[in-house]
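The values are calculated or read from the model by the stated rules, or taken from the named source; none is laboratory data. Keep in mind it's a predicted model, so treat the numbers as computed, not measured. Here the Cβ positions follow ideal geometry from the backbone for every residue, glycine too, while neighbour counts run over all protein chains shown. Ligands, DNA and RNA are excluded from the accessible area calculation, which covers all protein heavy atoms including side chains. Shrake-Rupley method; radii C 1.70, N 1.55, O 1.52, S 1.80 Å.
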Amino acid sequence: MSLYDGKTFRPASNSPNGEVGDNTRFHYHQDGNIVWAEYSGGSIAKGSLVAVVGEDSTLDMRYHHVNKDGALMTGRCQSRPVRLPDGKLQLHETWQWTSGDLSSGTSILEEVTDQ
């Protein structure tokens, strides 16, 4: 089953120490239990992530991006999918920077269908 392939997500919320904002878009791909995505927009110039899908469809991911200030940022994230009543997916995420101040936070991404 390919839960993530071809889906686009946008942030619905993020901790203040995160760099993802309203204009960031994530474009997901999936092949078996491997997921990857490209993302950009807002304060993110270019980013990508790679994840392994667990048996419960959660994602164990690592991400990296270059922000608009030219800094390379890296982190790890655990993402749990939630199916909304309208059929769209939300991703409930707990993340931590592995660069910079090493702080952590939470975010929610929501599926965008009107691209």
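General remarks:
- Criterion applied to D31, D69, D22, D60 was being modelled with pLDDT under 95 and not small (G, A, S), and the one residue passing it is D22.
- When the stretch 24-40 is filtered for residues that are of a type outside the set (V, I, T) and over 13 Å from the mean Cα position of the chain (by Cα), the ones remaining, listed by number, are Q30, D31, G32, N33.
- Selected residue (only one of G87, G75 is exposed (fewer than 13 other Cβ atoms within 10 Å of the Cβ) and either part of a loop (DSSP other than H, G, I, E, B) or modelled with pLDDT of 95 or more (or both)): G87
- Residues of the stretch 44-53 that are touching a Ser or Thr at 6+ places or on another chain (Cβ under 9 Å), surrounded by 17 or more Cβ atoms within 10 Å (Cβ to Cβ) and closer than 14 Å to L72 by Cα: I44, G47.
- Of the residues making up the stretch 90-111, those that are in contact with a strand residue (DSSP E or B) (Cβ under 8 Å, 6 or more places away or on another chain) and either among the acidic types (D, E) or at pLDDT below 95 (or both) are E93, G100, E110, E111.
- For the stretch 54-66, residues that are surrounded by 15 or more Cβ atoms within 10 Å (Cβ to Cβ), over 11 Å from the mean Cα position of the chain (by Cα) and free of Cβ contacts under 8 Å to residues at least 40 places away in the same chain total 1.
- Qualifying positions in the stretch 90-115 - within 24 Å of Q30 (Cβ to Cβ), open to solvent by 50 Å² or more (accessible area, probe 1.4 Å) and outside any loop (DSSP other than H, G, I, E, B): H92, T94, Q96, T106, E110
- Residue count for the stretch 9-24, restricted to those that are over 20 Å from A71 (Cβ atoms) and either of a type in the set (K, R) or crowded, with 17+ Cβ neighbours inside 10 Å (or both): 2
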